[in-house]
Amino acid sequence: MESDKNFQEKPSVLRVTNSAVAQLRKLLKTHNPDAVGIRLGVNEGGCNGLTYAMDFVNEKSAADEIIDFGDVQLLIDPMAVMYLVGTEMDFVEEKMGSSFVFRNPNESGRCGCGESFSV
């Protein structure tokens, strides 16, 4: 029998901060308590070509990558995985507003307003 010493557990596509999980939890509770989770995807658009997209989900897809936080599930669209590997998702509150922030090492550019990116 071969040794499993070279085996590595599959890394998560995305690291999610406690602040982001708390906001996901709040969004689900406030806006759609019947949803099974929130799906994160990447869409074409914006001045740099790609944008992050989030939406409530009523059904899981068998192809979704699921990050489970107990009472909150973040479902990652399988078409977005290649753009998100190694990304950190955070929720930041500042004087002028609050938003989810994605620190993505795959980005090669980002527009001035921060709404879109390129790889």
Review point. Where Rh denotes the Kirkwood radius from the mean inverse Cα pair distance, what is Rg over Rh for the range 14-108?
Key: 0.95
Point to revise | Exposure proxy order (Cβ contacts within 10 Å, fewest to most) of Asp55, Asp90, Asp77 | key: Asp55, Asp90, Asp77
Check your understanding: Hey, what did the range 14-108 get for relative contact order, percent, Cα under 8 Å, at least 6 apart?
Key -> 30
Check your understanding: Pulled fully out, how much extra length does the chain show between Ala22 and Asp90, if you take 0.36 nm times their separation in residues and subtract their Cα-Cα distance?
Key -> 23.5 nm
Check your understanding: Of Leu75, Leu27, Met54, which is farthest along the charge dipole of the range 14-108 in the positive direction, counting Lys and Arg as +1 and Asp and Glu as -1 at C-beta?
Key -> Leu27
Exercise for review: Compute the distance in nm between two label points, each set 7 Å from the Cα along the Cα-to-Cβ direction, one at Ser12 and one at Ala63.
Suggested key: 2.4
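Read-outs throughout are calculated quantities, based only on the coordinates presented, and are distinct from any laboratory measurement. If you're wondering where the values come from, they're calculated on a predicted model, not measured in any experiment. Using ideal geometry, Cβ is built from the backbone for each residue, glycine included, and neighbour counts are taken over all protein chains shown.
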